[in-house]
Amino acid sequence: MNANTPITALKGVGEKTAKLFQKLDIASVGDLLTFFPRDYESFQEPVTIETATPGEVCAVYAAVTAIPNVKKVRNLTIVNVNIRDASGNMQLTFFNMPFLKNVLKPGGYYLFRGLVQTGVKTVGPGNAGGRPKIMEQPKIYPLDEYRKMIGVLQPRYSLTKGLTNQAVLKAMRQALTFYEYEPEYYPAHIKAKYDLISYKEAIASMHFPVDFEQLVEARKRIVFDEFFEFILYLRKNKELTAKLPNPYPMFETADTVRFLEQLPFPLTKAQKKVWQEIREDMGSHFCMNRLIQGDVGSGKTIIAVLALLMTAANGYQGALMAPTEVLAVQHFENIKEYTEKYNLAFRPVLLVGSMTAKEKREAYGLIASGEANLVIGTHALIQEKVQYKKLALVVTDEQHRFGVRQREGLAEKGDMPHVLVMSATPIPRTLAIILYGDLSISVIDELPANRLPIKNCVVNTSYRPKAYEFIAKEVSLGRQAYVICPQVEEGELEDLENVVDYAEKLRTALPAHIQVAHLHGKMRPEEKKRIMEAFAAKNIDVLVSTTVIEVGINVPNATVMMVENAERFGLAQLHQLRGRVGRGEHQSYCIFISTKENKDTMERLQILNHSNDGFYIASEDLKLRGPGDLFGIRQSGEFAFRVGDIYTDASVLQQASEAVEELLKRDFELEEVENRFLRAHFEMQQNKFII
Ligand code: ADP
Ligand code: MG
């Protein structure tokens with residue numbers, strides 16, 4: 001079995017299961033082995049009811065006190081069970097499992113495991129503070145079976161409806177047994193210096209770690225490989241970062257000056273400085289290769305518009321590439337409005353995947369003839385059919401979502417155009433140099449002055465009814481709200497909120513006239529576009545979404561950002577989400593709901609209250625986390641490394657970069673390593689775009 005063996009070669013994976021795997025982008029055994037767990041569950045010793053902590057998953061061994069109570073609410077069957085041990089009582093609720101009435105016998109002892117919560121106040125004996133401890137939908141285990149699992153880390157995979165964790169485990173075990181690995185690709189001195197275990201061991205331990213330490217080692221090797229390959233790739237494309245003579249020298253024209261005068265706001269000092277740097281670049285002897293780093297809301301778009309306007313005014317074409325259709329369309333609408341309002345020298349066209357063949361052909365024509373001097377779109381911009389007449393500037397927004405290859409592809413469309421990339425991800429200079437090669441870096445370190453600071457609160461789940469009331473109030477004032485959930489749909493073993501069910505829940509919780517819609521990455525592009533447009537047009541009041549809305553969306557009328565399971569997100573990512581509100585004149589609010597009520601989690605989330613500086617937030621977050629938080633939480637949802645996270649794994653990134661340098665000194669060696677590396681990672685070569 002090798003990387004390309006189809007997964008149907010595994011026992012138990014038939015056509016039907018293969019289709020489900022396909023939904024997760026798993027077609028081959030290689031895909032399967034690099035489909036790493038989303039997190040790991042560790043089964044703890046059972047605790048007494050008294051010591052079971054709300055907000056945590058606990059196991060209790062207790063007796064059923066009475067015959068379970070079954071009731072029907074609409075089409076839902078609810079079974080309520082009371083249990084007791086020597087220390088106290090607990091209430092259990094099960095949905096659509098009416099048979100439990102006959103299974104759970106009064107007086108019988110069972111092991112229940114689930115998320116402990118505090119219920120609403122009731123009068124009853126033995127409840128701390130009158131609020132009983134409850135568990136919804138706990139799992140039931142025979143005690144001896146449970147005992148066997150204690151201390152072993154159980155992998156949990158991101159699933160899709162119909163595919164169980166158990167099915168993935170079974171397939172994975174087989175794949176691990178029969179896979180024939182390529183030989184080690186790093187020379188021994190590199191392996192020793194950076195303390196790397198073998199790829200084979202790493203893959204096995206990522207799925208079935210014996211203990212936490214082994215998992216940390218495995219992860220390090222995988223992350224090292226990811227970064228190594230990426231840096232190798234950057235190295236190979238040195239010409240991208242080399243200083244090339246400027247084929248498109250430009251002069252500043254009256255267009256940009258007039259536009260700036262007519263804009264309703266002055267540029268901030270930081271924006272002025274960056275604009276100055278860009279003007280100089282585009283007029284200098286060298287080709288521009290510049291990164292603009294600026295926190296969310298710092299006003300990067302206007303800088304891009306200025307650079308594109310200067311390009312158009314000099315008789316050239318410019319392109320603006322966004323990572324999603326939603327964002328591309330938003331830029332297009334926005335620039336069209338500027339063009340009309342300020343009579344700008346743009347003739348913009350949109351080019352996105354969901355356009356009809358006829359619309360696309362029309363756009364291609366306008367681009368090839370040079371009639372269109374500004375092309376806005378997604379990666380459709382770099383497809384082969386697009387021929388430019390005189391492309392001189394390429395701007396990529398939120399560029400870390402693109403593959404290096406895509407960026408390069410766009411550069412290849414023209415005859416080495418100027419390149420401007422914009423990013424909201426705060427990273428220290430040392431890392432930026434590794435990640436972006438030799439791009440010059442401009443920083444917008446100031447927000448426009450007219451912003452009201454966003455009001456934040458970090459609360460537990462009992463605050464939800466109040467939060468809903470608050471959202472209803474804001475909507476009645478004409479505002480809009482975002483609600484973020486960590487996952488798309490319900491999966492097995494899930495204790496996290498999901499977009500689909502949550503939207504449904506909100507529809508019942510909020511007054512009927514409030515329009516609730518949902519959005520997530522698995523939806524078709526046209527569908528996403530339609531929903532975003534409806535939200536921008538105020539036809540939707542509350543948008544329940546995954547983090548797909550994290551990048552770039554600008555709806556200034558939205559004033560509430562509520563995040564469920566906030567503890568599951570890296571603070572840098574929460575900060576990005578927060579940047580979606582507070583973009584207009586109205587006071588904006590963030591509500592971070594944490595299911596974990598423990599002190600550490602709450603303290604960590606409080607950092608968001610004290611700072612608006614994305615970089616500070618990310619580094620504080622890392623300081624407070626233990627190694628146990630390495631899994632399941634991403635600081636940056638942006639850099640598309642599979643496992644590695646540029647914040648969490650900054651030191652590994654540094655090491656991988658050093659390793660490449662070292663091998664480069666003896667280049668025959670690097671080449672050999674590279675060839676072996678690519679062979680071993682063949683399965684990942686097809687559709688990969690890192691960064
Ligand atoms: P980001 O840097 O996150 O891409 P945007 O470019 O979308 O931010 O800008 C956010 C909002 O701020 C936009 O509505 C934009 O028109 C506005 N804006 C940009 N620059 C200024 C400024 N100097 N003063 C006031 N508002 C500004
Ligand atoms: Mg932006």
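What list of ³J(HN,Hα) values in whole Hz, one per residue of region 11-19 in order, does the Karplus curve 6.51 cos²θ - 1.76 cosθ + 1.60 (θ = phi - 60°) give from phi, with Gly and Pro shown as x?
For region 11-19, the Karplus curve yields 5, x, 9, x, 4, 5, 5, 4, 4 Hz.
With labels modelled as points extended 7 Å from the Cα through the Cβ direction, what inter-label distance (nm, one decimal) is found for LYS341 paired with HIS610?
Distance between label points: 3.9 nm.
Determine the gain in length on full extension of the stretch GLU182-LYS148; use 0.36 nm per residue of separation and subtract their C-alpha separation, reporting nm with one decimal.
8.8 nm
Could you tell me the center-to-center distance, by alpha carbons, between region 182-212 and region 316-349 in angstrom?
Centre-to-centre (Cα) distance: 48 Å.
Find how much the distance from LEU24 to ARG258 grows on full extension, using 0.36 nm per residue of separation minus their present alpha carbon separation; answer in nm with one decimal.
79.2 nm
Between VAL421 and residues 5 or more places away or on another chain, which pairs have amide H atoms under 5 Å apart, with H built 1.01 Å from N, and which residues are they?
Amide H neighbours of VAL421, under 5 Å, 5+ apart: ARG290, LEU291, ILE292, THR396.
Between 0 and 90 degrees, rounded to the nearest ten: what's the tilt of helix 667-680 against the longest Cα principal axis of the chain?
For 667-680 against the chain, the angle is about 50 degrees.
With a sphere of radius 15 Å drawn around the Cβ of GLN214, what net charge do the other residues whose Cβ falls strictly inside it have (Lys, Arg +1; Asp, Glu -1)?
-1
What FRET efficiency do you get for ARG524 and ALA192 if R0 is 56 Å and r is their Cβ-Cβ distance, rounded to the nearest 0.05?
0.70
Could you tell me which of the pairs LYS360/LYS385; LYS596/LYS623; LYS360/LYS522; LYS385/LYS522; LYS19/LYS170 are separated by over 21 angstrom between their Cα atoms in the structure shown?
Table pairs above 21 Å Cα-Cα are LYS360/LYS522; LYS385/LYS522.
Given the Cα-Cα distance of THR53 and VAL73 and 0.36 nm per residue of separation, how much length would full extension add, in nm?
Separation in residues times 0.36 nm, less the Cα-Cα distance, equals 4.3 nm.
Amide H of VAL563 versus every other amide H placed in the peptide plane: which residues, excluding those fewer than 5 positions away on the same chain, fall under 5 Å?
When sequence neighbours closer than 5 places are left aside, the close amide H contacts are ILE484, ILE591, PHE592, ILE593.
Enter the mean projected area of the convex hull around the alpha-carbon atoms of the chain, in nm², rounded to one decimal.
32.2 nm²
Once you sort the root eigenvalues of the Cα gyration tensor of region 480-586 as a ≥ b ≥ c, which label holds: rounded (a/c under 1.5), prolate (a/b larger than b/c) or oblate (the other case)?
Rounded, because the longest to shortest axis ratio a/c is under 1.5.
Determine the shape class of region 11-78: with a ≥ b ≥ c the square roots of the Cα gyration tensor eigenvalues, call it rounded for a/c under 1.5, and otherwise prolate if a/b is greater than b/c, oblate otherwise.
Verdict is oblate for region 11-78.
Using θ = phi - 60° and the Karplus curve 6.51 cos²θ - 1.76 cosθ + 1.60, what whole-Hz ³J(HN,Hα) does each residue of region 606-615 get, with Gly and Pro shown as x?
4, 3, 4, 5, 9, 9, 10, 9, x, 6
So for region 414-467, taking the charge dipole from beta-carbon charges (+1 Lys/Arg, -1 Asp/Glu), which of ILE454, ALA467, ALA432 sits furthest toward the positive end?
Of the candidates, ALA467 comes out farthest on the positive side.
How large is the charge dipole for region 14-122, taken about the Cα centre, if only the Cβ atoms of Lys, Arg (+1) and Asp, Glu (-1) carry charge, to the nearest 20 debye?
Magnitude of the dipole: close to 740 debye.
Taking one equal scatterer on every alpha-carbon of region 39-108, how large is log10 of I(q)/I(0) by Debye at q = 0.17 1/Å?
Per q value, in the given order, log10 I(q)/I(0) is -0.71.
Scaled to the compact-protein estimate 2.2 N^0.38 Å, what is the alpha-carbon radius of gyration of region 229-323, rounded to two decimal places?
Rg over 2.2 N^0.38 Å, computed on Cα atoms: 1.21.
Suppose R0 equals 25 Å; then what is the FRET efficiency for GLN383 and ALA449 from their Cβ-Cβ distance, rounded to the nearest 0.05?
That gives a FRET efficiency of 0.05.
Which ³J(HN,Hα) values in Hz, rounded to whole numbers, follow from the phi angles of region 388-396 under the Karplus curve 6.51 cos²θ - 1.76 cosθ + 1.60, where θ = phi - 60° and Gly and Pro get x?
With the stated coefficients, region 388-396 comes to 9, 8, 7, 6, 10, 9, 10, 10, 10 Hz.
Place a +1 charge on the Cβ of each Lys and Arg in the chain and a -1 charge on the Cβ of each Asp and Glu, then give the dipole magnitude about the Cα centre in debye, rounded to the nearest 20.
1840 debye
Kindly express, to the nearest 10 degrees and within the range 0 to 90, the angle between helix 301-313's C-alpha long axis and the longest C-alpha principal axis of the chain.
The angle comes out at about 30 degrees.
If you fit an axis through the alpha-carbon atoms of helix 499-509 and take the longest principal axis of the Cα set of the chain, what angle between them do you get, 0 to 90°, nearest 10?
Roughly 70 degrees, rounded to the nearest 10.
Using amide H atoms built 1.01 Å from N in the peptide plane, name the residues 5+ places from LEU496, or on other chains, whose amide H lies under 5 Å from its own.
The list, which skips near neighbours in sequence, is empty: none.
Rank the residues PHE95, PHE346, PHE43 as a footprinting-exposure proxy: fewest other Cβ atoms within 10 Å of their Cβ go first.
PHE95, PHE43, PHE346
With the crude spin-label approximation of a point 7 Å out along Cα→Cβ, what separation in nm comes out for ALA534 versus LYS269?
According to this spin-label approximation, the distance is 4.6 nm.
FYI, it's all coordinate maths here, none of it is from the lab. As the structure is a prediction and not an experimental result, all values here were calculated from the model. Cβ coordinates were reconstructed from backbone atoms using ideal geometry, including for glycine residues, and neighbour counts include every protein chain displayed.
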